[in-house]
Amino acid sequence: MVQINSDYHSLSREYIFPIIDQKLDELKKMHPEATTINLGIGDIALPLAPSIAKAIADAAWEMTKKEGKRGYGPSHGYPFLREIIAKEEYSGLGITTDEVFISDGINTDSANVEEIFSQNASVAIPDPAYPVYLDTSIMAGKKIHLLPCTEENGFLPTSPKEAYDLIFLCTPHNPTGVAMTRSQLSEWVAYAKKHQAILLVDSAYRQFVTSKDVPRTIYEIEGAKEVAIEFCSFSKSAGFTGLRCGWTVVPKTIKPKEIYQFWNTRQTIKSNGYSYPIQRGAEAAYSAEGKKETREQIAEYQTSTKILLDGIKKIGQKCYGGVDSPYIWWKVPAHLSSWIFFDLLLKECHLISIPGVGFGKHGEGYIRLSGFTEPRIAHLAIEKISQLF
Ligand code: PLP
């Protein structure tokens with residue numbers, strides 16, 4: 001008889017988006033005239049940069065020509081994109097083209113990376129965190145240890161006394177919106193070296209970093225190339241959430257050396273390549289026009305985030321993050337739970353947030369607000385929130 005993967009039964013997370021949708025439907029039934037402000041989902045709010053759209057369209061047209069015909073692409077991504085990423089993102093850090101593996105985004109690779117490690121490898125995961133790390137580790141039947149991110153440790157995971165094999169890190173961190181400094185990342189690199197562990201670093205929000213002492217990549221840290229795999233994406237930096245393109249860096253110097261070989265092999269076997277037009281679009285994000293347009297978009301999200309952060313602080317509320325990331329981690333007023341405060345903001349301000357508990361049990365007592373919105377909407381949100389306090 002067929003045996004199913006019973007680890008799926010251990011997925012006990014409450015899936016918050018269907019609950020939020022249901023609450024939203026109820027609000028709309030009661031107040032059909034209500035205009036809702038969505039600061040919940042961390043998806044892009046601005047249209048695709050024209051230079052990127054043009055590069056995608058041109059690439060598709062190129063494929064209509066006999067000489068431009070393209071079938072399956074390379075499993076590791078087209079060299080033109082791998083090269084420009086190595087050059088533009090890792091200048092002076094010694095990351096080479098063949099250490100950059102193109103992907104369809106961080107989600108897939110961060111979910112799949114564990115398969116090149118032993119089934120017995122233990123995994124340490126920040127809590128609260130982007131849900132994929134925990135859920136996929138549960139699905140893979142891994143031994144899991146949670147690293148609490150609380151007010152006491154500045155909402156970032158600190159290295160435990162015990163030795164774990166794989167450690168997921170996310171910096172700037174979603175959902176708490178704070179980022180690791182050079183010295184905090186150096187501590188993790190030292191931990192990984194001491195315990196011969198591997199850091200799995202999600203760098204989805206690297207382009208939002210503004211603080212001088214916050215590295216944009218783990219490879220700015222001495223020794224990181226021996227212990228870290230980095231996941232990156234065009235999703236939030238260039239509006240690719242609906243296009244899908246990212247990359248993973250696996251250095252050749254990582255130890256044991258099989259990690260590089262196995263990832264290389266894994267991609268060769270499991271990938272038939274990624275869309276040619278989309279990779280041309282990603283390449284265009286590095287053109288002069290593409291850089292200008294995407295920087296303007298990021299600047300707009302940063303402005304919205306600042307409006308929210310300043311506005312919430314002005315009314316005497318405690319909130320964190322929002323400086324090196326587009327997320328604000330709002331400590332809910334005393335004695336309320338994440339969900340109760342979510343309900344209050346929805347009912348009174350018609351504002352959608354995300355209850356912190358949806359990202360892990362240590363997210364209880366917080367809500368996340370997303371700065372992926374236009375500044376005028378951020379102002380409107382603050383106007384409504386201010387009326388509540
Ligand atoms: N990692 C983090 C921390 C995220 O917040 C998100 C999306 O919200 C992702 C990864 C997903 O990235 P991608 O679109 O590249 O799959």
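The values are calculated or read from the model by the stated rules, or taken from the named source; none is laboratory data. Keep in mind the model is a prediction, meaning the values are calculated, not measured. Cβ atoms come from the backbone with ideal geometry, glycine included; neighbour counts cover every protein chain shown. SASA here: full protein model, heavy atoms, side chains in, ligands and nucleic acids out. Shrake-Rupley method; radii C 1.70, N 1.55, O 1.52, S 1.80 Å.
From the list T268, T294, which one is of a type outside the set (K, R) and surrounded by fewer than 18 Cβ atoms within 10 Å (Cβ to Cβ)?
Criteria check complete, one pass: T268.
Starting from residues that are in a loop (DSSP other than H, G, I, E, B) and closer than 22 Å to P355 by Cβ, keep the ones in region 1-34 and report whichever is least open to solvent (accessible area, probe 1.4 Å).
Of everything passing the filter in region 1-34, A34 is least open to solvent (accessible area, probe 1.4 Å).
Select the strands (runs of 3 or more DSSP E) contained entirely in region 176-259, then report the ones holding at least 1 residues which are closer than 18 Å to L81 by Cβ and away from the ligand (no atom under 13 Å from the Cβ).
Because the criterion is at least 1 residues that are closer than 18 Å to L81 by Cβ and away from the ligand (no atom under 13 Å from the Cβ), the strands (runs of 3 or more DSSP E) in region 176-259 that meet it are 246-249.
In this structure, is F168 within 13 Å of the ligand (Cβ to nearest atom) and open to solvent by less than 10 Å² (accessible area, probe 1.4 Å)? Step through it out loud before you land on a result.
Details: within 13 Å of the ligand (Cβ to nearest atom): yes; open to solvent by less than 10 Å² (accessible area, probe 1.4 Å): yes.
Yes; evaluated as a whole, the condition is true for this residue.
Restricting the first residue to region 279-305 and requiring it to be within 19 Å of R244 (Cβ to Cβ), which pairs with a second residue that is acidic (D, E) meet a Cβ separation below 6 Å and a spacing of at least six or different chains?
Y286/E88
Name the one entry in K347, K313, K318, K331 that is open to solvent by 60 Å² or more (accessible area, probe 1.4 Å) and within 23 Å of the chain's Cα centre (by Cα). Show your work before the answer.
Values: K347 fails: within 23 Å of the chain's Cα centre (by Cα); K313 fails: within 23 Å of the chain's Cα centre (by Cα); K318 fails: within 23 Å of the chain's Cα centre (by Cα).
None of the other options fit; the residue is K331.
So for region 361-370 (the condition being within 30 Å of K87 (Cβ to Cβ) and either buried (at least 21 other Cβ atoms within 10 Å of the Cβ) or touching a strand residue (DSSP E or B) at 6+ places or on another chain (Cβ under 7 Å) (or both)), does at least one residue qualify? So that I can check it myself, show each step before the final result.
Taking region 361-370 first, the residues within 30 Å of K87 (Cβ to Cβ) are none.
No; the residues of region 361-370 include none that is within 30 Å of K87 (Cβ to Cβ) and either buried (at least 21 other Cβ atoms within 10 Å of the Cβ) or touching a strand residue (DSSP E or B) at 6+ places or on another chain (Cβ under 7 Å) (or both).
So, in region 334-344, how many residues would count as being in contact with a strand residue (DSSP E or B) (Cβ under 6 Å, 6 or more places away or on another chain) and open to solvent by 10 Å² or more (accessible area, probe 1.4 Å)?
Selection size over region 334-344: 1.
Can you pull out every residue in region 126-157 that is polar (S, T, N, Q) and out of contact with any helix residue (DSSP H, G or I) (no Cβ under 8 Å at 6 or more places or on another chain)? Step through it out loud before you land on a result.
As a first pass, look at region 126-157 and keep what is polar (S, T, N, Q): 136-137, 150, 153.
Correct list: N153 only.
I'd like to check which strands (runs of 3 or more DSSP E) are fully inside region 275-389 and have at least 1 residues that are out of contact with any Cys (no Cβ under 9 Å at 6 or more places or on another chain), on the phi > 0 side of the Ramachandran plot and at pLDDT 95 or above.
So the answer is 319-321.
Given the conditions (1) more than 16 Å from the ligand (Cβ to nearest atom); (2) in contact with a helix residue (DSSP H, G or I) (Cβ under 9 Å, 6 or more places away or on another chain); (3) outside any helix (DSSP H, G or I); (4) open to solvent by 70 Å² or more (accessible area, probe 1.4 Å), which single one is not true for I41?
(1)
Show the residue pairs that are 6+ apart or on different chains and have beta-carbon atoms under 7 Å apart, the first residue being within region 94-116 and in contact (Cβ under 8 Å) with a residue 24 or more places away in the chain, the second being of a type in the set (D, E) and within 12 Å of the ligand (Cβ to nearest atom).
S103/D109; I106/D202; S110/D202
Any residue at all in region 133-144 that is among the aromatic types (F, W, Y) and either more than 16 Å from T248 (Cβ to Cβ) or open to solvent by 40 Å² or more (accessible area, probe 1.4 Å) (or both)?
no
Yes or no: region 187-196 includes at least one residue that is crowded, with 23+ Cβ neighbours inside 10 Å and either farther than 19 Å from G92 by Cα or of a type outside the set (S, T, Y) (or both).
Yes, that holds for at least one residue.
Conditions: (1) among the small types (G, A, S); (2) open to solvent by 10 Å² or more (accessible area, probe 1.4 Å); (3) more than 20 Å from the chain's Cα centre (by Cα). G242 meets all but one. Number of the miss?
Every condition holds for G242 apart from (3).
Within region 159-169, identify whether any single residue is modelled with pLDDT under 95 and of a type in the set (S, T, N, Q), and answer yes or no.
yes
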